[in-house]
Amino acid sequence: MSKNAFLEGMSRAASSVSAVTTGGESGKAGVTVSSMCSVSAEPPMLLVCIHHQSPACQAIRNNGVFCVNMLRHDQSSISDLFAGRSDKPNKFLDADWSKGLTGAPKLKNSLVNFDCHLVAEYRAGSHFVFIGGVAEINISEGKPLLYGSRLYGHPSYFDKENKIDDP
Ligand SMILES: Cc1cc2nc3c(=O)[nH]c(=O)nc-3n(C[C@H](O)[C@H](O)[C@H](O)COP(=O)(O)O)c2cc1C
């Protein structure tokens, strides 16, 4: 099985987009992910998968905390910034941040902040799977930024008038 075929297939999987951030003794770092998903509701847990060479990966392992900042549909520039698609050296200057309970940077005005303690990690090939125990959640109004076919999407699909099961 070729890596390219795998990546091509996965590019069709539409997803939400989050800037995963960490802070603490090992400093601040952040990376854009589409790999966030729910793991458990009781207790609340989620996972993210991050490439082992990403500076954010080692920082999360060292700090033991991370915050999943799920982006709103009008925040694709923040996604690009945290995906290294900008020449700005400091990813944290362009938006308003506060500190979560865990100490991880929390993006004000994102759709949802899931502030997490790292409760488990698992190396799977090129990536680390990080399981976060959610310590605090903030939810704002808005719609999610979507990503699929290597493009950002506006979630008009989620408007009530577009419900596909309407008669
Ligand atoms: C929409 C989107 C989703 C991404 N999802 C992931 C992901 O789930 N895991 C990951 O390791 N990298 C993911 N990436 C790639 C990283 O964001 C990017 O390669 C990395 O941040 C490189 O930049 P850096 O060197 O500044 O950290 C994604 C990129 C984009 C644009």
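The values are calculated or read from the model by the stated rules, or taken from the named source; none is laboratory data. What you see is a predicted model; the values in this text were computed from it and never measured. Note that we place each Cβ from the backbone using ideal geometry, even for glycine, and neighbour counts take in every protein chain shown. In case anyone asks, the SASA skips ligands and DNA or RNA and just uses the protein heavy atoms, side chains included. Shrake-Rupley method; radii C 1.70, N 1.55, O 1.52, S 1.80 Å.
General observations
- Which listed residue is in a strand (DSSP E or B), modelled with pLDDT of 95 or more and within 14 Å of the ligand (Cβ to nearest atom), from Phe66, Phe114: Phe66
- All positions within region 117-141 that are over 19 Å from Gly100 (Cβ atoms) and not in a strand (DSSP E or B): Gly125, Ser126, Glu141
- Residues of region 14-28 satisfying the condition of being assigned to a loop (DSSP other than H, G, I, E, B), crowded, with 17+ Cβ neighbours inside 10 Å and within 14 Å of the ligand (Cβ to nearest atom): Val17, Lys28
- Matching residues, region 89-113, being of a type in the set (Ser, Thr, Tyr) and either more than 24 Å from His52 (Cβ to Cβ) or open to solvent by 70 Å² or more (accessible area, probe 1.4 Å) (or both): Ser98, Ser110
- Flag if Arg150 is loosely packed, with under 14 Cβ neighbours inside 10 Å, of a type in the set (Lys, Arg) and closer than 23 Å to Ser11 by Cβ: yes
- Residues (touching a Phe, Trp or Tyr at 6+ places or on another chain (Cβ under 7 Å) and more than 21 Å from Ile131 (Cβ to Cβ)) located in region 80-106: Lys91
- Residue match in region 29-50 (condition: touching a Lys or Arg at 6+ places or on another chain (Cβ under 9 Å) and in a loop (DSSP other than H, G, I, E, B)): no
- Residues in region 71-83 that are touching a strand residue (DSSP E or B) at 6+ places or on another chain (Cβ under 9 Å) and either open to solvent by 10 Å² or more (accessible area, probe 1.4 Å) or near the ligand (Cβ under 8 Å from one of its atoms) (or both): Arg72, His73, Gln75, Ser76, Ile78, Ser79, Asp80, Leu81, Phe82, Ala83.
- All positions within region 53-70 that are touching a strand residue (DSSP E or B) at 6+ places or on another chain (Cβ under 6 Å) and either without any contact (Cβ under 8 Å) to a residue 12 or more places away in the chain or not β-branched (Val, Ile, Thr) (or both): Ser54, Pro55, Ala56, Cys57, Ala59, Asn63, Gly64, Phe66, Cys67, Asn69, Met70
- For region 114-143, the set of residues classified as open to solvent by 80 Å² or more (accessible area, probe 1.4 Å) and not aliphatic (A, V, I, L, M) consists of His117, Tyr122, Arg123, Glu141, listed by residue number.
- Options Ser40, Ser86: the member that is among the hydroxyl-bearing types (Ser, Thr, Tyr), over 22 Å from Tyr147 (Cα atoms) and either touching a helix residue (DSSP H, G or I) at 6+ places or on another chain (Cβ under 8 Å) or exposed (fewer than 13 other Cβ atoms within 10 Å of the Cβ) (or both): Ser40
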